[in-house]
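Take a look at the structure below.
The values are calculated or read from the model by the stated rules, or taken from the named source; none is laboratory data. Source: prediction; values computed, not measured. Here the Cβ is made from the backbone with ideal geometry for all residues, glycine too, and neighbour counts use every protein chain on show.
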Amino acid sequence: MKQKITFKGKEIVIDLTPEQIASANRQSIHFTDIKTLDDALSFIGETPESFKKRTQFDDDAQKAYKELELICLAIRQGNELGDRWYYPWFNSTRTSRGFSYDDYGYDSTHSYVGSRLCVENAEKAKYIGEQFVEIYSRYINGDSLAVEVSQVSAHTTKKTFENYTDMKTFEDACSAVGVDHEEFHNQYKSLPDDAYAYMQLRIISQALNGGSNMDYTDTDIYKYYPWFNSVGSSRGFSYRGYHYDASHSGVGSRLTYKSEEIAEYAGKQFIEIYNKYIN
């Protein structure tokens, strides 16, 4: 990539690799200079064409998740998360304020937000919540929920379970929504472990909810999700309890459940998958 620089008072053009440009960016910009996805890509050293290619088969909510991963990585500027992980919190679509940044949250001994969507301080959490609110809306509100099963090319006949507690494995969840679990693996095996786990949890959530996803725009209905002790706590990564929301959220609509009992079951029965997603 050609770049203009000033050397001894003269403007010259030199060739720089994306890695060299990213390294220079990391040393010269403030996190508030990252205002768009393209800014984040430039900071990290990935081209828009490369990102578009690796997300071409994703639905919009999954693509938004990957955009937020990149944005949070860039905003952290190579800094470690430390003892507390910060993330933005939002008013829901149907509140008087509409979908908008509300506040930030943080975790130290418990968590439900994956580490890749966290930053290392409150100032950055507030910034990404306000600056990238439209991307968060696509991720949290799941505008294209109908694509859930159809994105996996091979389907099987749906299996009927009398009770959600009869679903003991990811394979059971696939059967409940008519997805071939082997084809699922073949289609997503190239993803990082946390992204692969996120895709699994989307299927699990849909299956345990009886085949449908929760609607975060409906503030008349509570949405429940499991809460975990963190890896660094005295109990290690383990189920802690459940939480619920109606008018605000920090969790994507695809990872919520329609009752506290189902949220608790998901958090305990599929804890290994949650561990891969969060940590």
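Data overview
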| quantity | calculated |
| --- | --- |
| Criterion: of a type outside the set (F, W, Y), in contact with a strand residue (DSSP E or B) (Cβ under 9 Å, 6 or more places away or on another chain) and modelled with pLDDT of 85 or more - qualifying residue of N275, N229 | N275 |
| Flag if E120 is surrounded by fewer than 21 Cβ atoms within 10 Å (Cβ to Cβ), touching a Leu at 6+ places or on another chain (Cβ under 6 Å) and either modelled with pLDDT under 90 or under 24 Å from G45 (Cα atoms) (or both) | yes |
| Filtered residue count, the stretch 92-112, keeping only those that are modelled with pLDDT of 65 or more and outside any loop (DSSP other than H, G, I, E, B) | 8 |
| Per-region count, the stretch 63-81, residues in contact (Cβ under 8 Å) with a residue 40 or more places away in the chain and assigned to a loop (DSSP other than H, G, I, E, B) | 4 |
| Qualifying helices (runs of 4 or more DSSP H) (wholly inside the stretch 1-62; at least 1 residues being closer than 30 Å to I203 by Cβ and modelled with pLDDT of 75 or more) | 37-44, 48-54 |
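The rows are residues; the columns are (1) modelled with pLDDT under 85; (2) over 17 Å from the mean Cα position of the chain (by Cα); (3) under 30 Å from G82 (Cα atoms).
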| residue | (1), (2), (3) |
| --- | --- |
| I140 | yes, no, yes |
| S150 | yes, yes, no |
| H155 | yes, yes, no |
| S175 | no, yes, no |
| T217 | yes, yes, no |
